[in-house]
Amino acid sequence: SAMLGGCRRALPAALGRALEAAVAAAARRRGGQGDENKEGNSDVFSLCSALQGLFGVPELSCPEGFQEAQDKALQESEQLVQKACSTPPGPETVIIFDQLSDSLCRVADLADFVKVAHPDFAFREAAEEACRNIGTVVEKLNTDVELCQSLRRLLSDEIAMSSLDPETRRVAELFMFDFEISGIHLDEEKRKKAVDLNVRILDLCNEFLIGTHLPNKIDKHVLPEHIRYNFTAEGNYLQVAGLHADCPDDLVREAAYKIFLHSNSQQLRRLEELLVSRNSLAQLVGYDTFAHRALQGTMAKNPETVRQFLERLSEQLSKRTQKDFEMMAKMKMKLNPQNSTLMPWDHPYYSGVLRAERYNIDPGLYSPFFSLGACMEGLNSLFSQLLGISLYAEQTKRGEIWSEDVRKLAVVHETEGLLGYIYCDFFQRPDKPHQDCHFTVRGGRLKENGEYQLPVVVLMLSLPHSAKGAPTLLSPGMMENLFHEMGHAMHSMLGRTRYQHVTGTRCPTDFAEVPSILMEYFANDYRVVNQFARHYKTGQPLPKNMVSRLCESKKVCAAADMQLQVFYAVLDQIYHGKHPLKKSTTEILKETQEKVYGLPYVPNTAWQLRFSHLVGYGAKYYSYLMSRAVASMVWKQCFAQNPFDRAMGERYRREMLAHGGGKEPILMVQGMLQKSPSVEDFVDALVSDLDHDFETFIMDS
């Protein structure tokens, strides 16, 4: 216990109950008006200096601290740049570059999270400013000729290079790659242009991202009176803030689709400028297209492989997708005989109706078995058996967390001790984005004094607060998302590389989703679910046939769902392919939708203006599908026989998690599967997942 520190208080078996109790206490404090609560708040606001600071960073006890943290990082980075330029070529060069990367990332990564999730606007604004400033510095460093020369001296020195281990060599090459894609080899004028383009792209990404979420307004008299209540009224206008995909009224879904996706000239200009700027930058630094630049170093390696993968997958799916659309159209005709033509706003709704009708998987039947406490204990038990890892709830200091229902977990290995920290920001609150994601707040690395800098991550979910007297209950989808995000967290904890630049999830995008998607396979396996799914009132286990039905229900219309993902990925590739584009982005959308997806394009809509993944996943949207293919192969070959196989768990850690981005992704996959998968293997893995389980099918028939 001395090794673990004094304030870790929950034993693994009681982890879930500890989380539940802490969250319930936070909810009581939120609702109560007692003196203790008031006094605590006045202390917080009057004595910022007495606080610990976000994530234990002393400067961040108030928003102004971001400026201080940023100045400190920039000062440190200036000294490291000078040191790098004066150090003779050798391993030390790579260490200094990594320290430089770490000093900037420690502020930028933390700010990246705070700018979207902190409840205090002043904190969000200060973090946004820090992100922008550090981003600008990074772009300048990536075109710093003298800094690049110090690395080039190492890379061109055969004797020095032969003395480097493979990980150090790869990190040196990755740093050089950052220089090259930023145009280091160009003359001064073109380098300046590259920096300007990067800064402009950063701004356009932020503007476009904001635009993807903004609601559209419409005069309320345009809509029939009986459906107006579905939308938020604002004077004579109605606000449409989403697609209302689950609404049973066809007319509401149609109206939401046409209004929310209505073209917006300002957002259209942003997208066009973003695509043109990305292409200009790619060509300026020597690539044919932005896709060629973005795919360097990935599992796919180039746009040609991505194109082959998506085309073959589309061919394999086409008959199944057609069948799915026919089933949906029949269901629509049954429920709405006047209009049986299947439209894009029908797909999510009628696939859900078919699932519910065929398998009766009302989430309300499942959620009593999936209390948050039970799910956390399930994860804890799985990690303990597979990897020898336990999660411990840990007390936080005042000011360390940004909302009182955030919980801190210490990740502890049975022999290696403390591996890092996970902050669980699981609950809905005003102004918090409705998205589930994993943020690296601090990357792991071996420090100069021989100690390991522990990784720190945040898992953000949007769980509803529990009803009075009941624990937080998760729907099956929420439970699966929790497992998915925890897969990212374990990658961050176990990708214990020497260098921060390649730690944990800092790896190519088409590999980064493999550990998280693999966790979904565990979440859908009865042997795993049976270890933790208990009714919160009776303690009764979740019956096996309910788990089987849930798994089979996900295969209903799954081909059409996957085809939709292929369409998005193809669209992304075309937008980031050869420029100038042959047609407008909307005409390309129409053509691609009808050719690849199969449901008709709706005039005057521009779905691409809501395609927020174009920002973070530009030319890489295919990654979800390719990662799922790899995860499927790993599951079937390594864990389907026994999901608790410790030897396989250790192999998974050794071959896939331990390297972070310090090894080529395809080599990690080869190490795990003991073979090099082809495009056909990827496609076969995805398509075979769509086949129904015969035993469940017979049982249900």
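The values are calculated or read from the model by the stated rules, or taken from the named source; none is laboratory data. Computed from a prediction, not measured in an experiment: that's the story for all the values here. Note that each Cβ is placed from the backbone with ideal geometry, even for glycine, and that neighbours are counted across all protein chains shown. Just so you know, the surface numbers come from the protein's heavy atoms only, side chains and all, with ligands and any DNA or RNA stripped out. Shrake-Rupley method; radii C 1.70, N 1.55, O 1.52, S 1.80 Å.
What does the charge dipole of the chain about its Cα centre add up to, to the nearest 20 debye, if the Cβ of each Lys and Arg holds +1 and the Cβ of each Asp and Glu holds -1? Provide the component values of the computation, followed by the final result.
On the way: 78 positive and 90 negative charges, 240 e Å.
The dipole of the chain has a size of about 1160 debye.
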Which helices, counted as full DSSP H runs in the chain, have an axial Cα extent of no less than 20 Å and a Kyte-Doolittle average of 0.0 or above?
15-31, 91-117, 121-141, 372-387, 558-575
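Quick check: with the 1.4 Å probe, what order do 549, 496 take by accessible area, largest first? Kindly include the intermediate steps, with their values, before the conclusion.
On the way: 549 45, 496 75 Å².
Ranked list, largest accessible area first: 496, 549.
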Carbon plus sulfur fraction of accessible area for the stretch 466-605, probe 1.4 Å, in percent
53
Please label the shape of the stretch 245-353 as rounded, prolate or oblate, based on the square roots a ≥ b ≥ c of the eigenvalues of the alpha-carbon gyration tensor (a/c under 1.5 means rounded; beyond that, a/b larger than b/c means prolate, else oblate).
oblate
Charge tally in the Cβ shell below 15 Å around residue 146, where Lys, Arg are +1 and Asp, Glu are -1, residue 146 excluded
+2
Among 456, 289, 526, flag the residue with its Cα farthest along the positive direction of the charge dipole of the chain, charges on Cβ as +1 for Lys/Arg and -1 for Asp/Glu.
526
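Can you give the convex hull volume per residue for the Cα atoms of the stretch 371-470, as a whole number of Å³?
Details: hull volume 13.6 nm³, N = 100.
Cα convex hull per residue, to the nearest whole number: 136 Å³.
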With every protein chain left in place, what is the accessible area of residue 314 in Å² (1.4 Å probe, nearest 10)?
30
Accessible area (Å², per residue) of the chain, counting only protein heavy atoms and a probe of 1.4 Å:
44
Under a point spin-label approximation (7 Å from Cα along Cα-to-Cβ), what is the residue 670-residue 87 distance to one decimal in nm?
3.1
Largest to smallest principal axis extent of the C-alpha atoms in the stretch 471-630, angstrom:
61, 46, 27
For residue 135, what charge total do you get from the other residues with a beta carbon under 14 Å from its beta carbon, if Lys and Arg give +1 and Asp and Glu give -1?
-4
Using the Cα centre of the stretch 543-584 as the reference point, and only Cβ charges (+1 on K/R, -1 on D/E), how large is the resulting charge dipole? Debye, rounded to the nearest 20.
40
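Excluding residue 216 itself, what net charge comes from residues whose Cβ is under 14 Å from its Cβ, given Lys and Arg +1 and Asp and Glu -1? Provide the component values of the computation, followed by the final result.
Values: positive: 217, 220, 258, 610; negative: 219, 234.
So the environment of residue 216 carries a net charge of +2.
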Where the convex hull is taken over the Cα atoms of the stretch 560-701, what is its projected area averaged over directions, in nm²?
12.2
Taking Cα centroids, how far is the stretch 159-201 from the stretch 94-156 in Å?
15
List 434, 484, 213, ordered by accessible area with a 1.4 Å probe, largest first:
434, 213, 484
Simple spin-label estimate for residue 228/residue 319, 7 Å along Cα→Cβ, in nm, reads 5.2
Heavy-atom accessible area of residue 437 with all protein chains present, probe 1.4 Å, nearest 10 Å²?
20
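Please work out whether the stretch 279-428 counts as rounded, prolate or oblate from its C-alpha gyration tensor, where a ≥ b ≥ c are the square roots of the eigenvalues and a/c under 1.5 means rounded, while otherwise a/b larger than b/c means prolate and anything else oblate?
Working: a/c = 2.33, a/b = 1.24, b/c = 1.88.
Verdict is oblate for the stretch 279-428.
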A 28 angstrom limit on the alpha carbon distance is what I want to check against. Which of 447/620; 140/620; 555/620; 555/582; 72/115 exceed it?
447/620; 555/582
Considering the dipole of the stretch 583-701 built from charges on the beta carbon (Lys and Arg +1, Asp and Glu -1) around the Cα centre, which of 601, 626, 661 is farthest to its positive end?
661
Filter the cross-link list 636/663; 319/595; 301/578; 193/301; 220/258; 301/663 down to pairs whose alpha-carbon distance in this structure exceeds 20 Å.
636/663; 193/301
For the chain, just say rounded, prolate or oblate: build the C-alpha gyration tensor, square-root its eigenvalues into a ≥ b ≥ c, call rounded for a/c under 1.5, and beyond that prolate if a/b exceeds b/c, oblate if not.
rounded
Given 227, 267, 465, which one lies farthest toward the positive end of the charge dipole of the chain, if we put +1 on the Cβ of every Lys and Arg and -1 on the Cβ of every Asp and Glu?
227
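Fully extended, how many nm does the chain gain between residue 122 and residue 219 (0.36 nm per residue separation, minus their Cα-Cα distance)? Intermediate values should be presented prior to the final figure.
On the way: separation 97, 0.36 × 97 = 34.92 nm, distance 3.43 nm.
Stretched fully, the residue 122-residue 219 segment lengthens by 31.5 nm.
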With every protein chain present, what accessible area does residue 416 have (1.4 Å probe, heavy atoms only), rounded to the nearest 10 Å²?
90
The rounded separation in angstrom of the Cα centers of the stretch 242-297 and the stretch 504-533 is 29
Hey, what does the equivalent ellipsoid look like for the stretch 240-289, semi-axes from the Cα gyration tensor as sqrt of 5 times each eigenvalue, largest first, whole Å?
37, 12, 6
Taking all protein chains together and a probe of 1.4 Å, list 124, 442 from the most accessible to the least accessible.
442, 124
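Run the dipole for the stretch 263-319 about the Cα centre, Lys and Arg Cβ at +1, Asp and Glu Cβ at -1, nothing else charged, and hand back the magnitude in debye, nearest 20. It would help to have the intermediate numbers written out before the result.
On the way: 8 positive and 6 negative charges, 26 e Å.
Using Cβ point charges on Lys, Arg, Asp and Glu, the stretch 263-319 gives about 120 debye.
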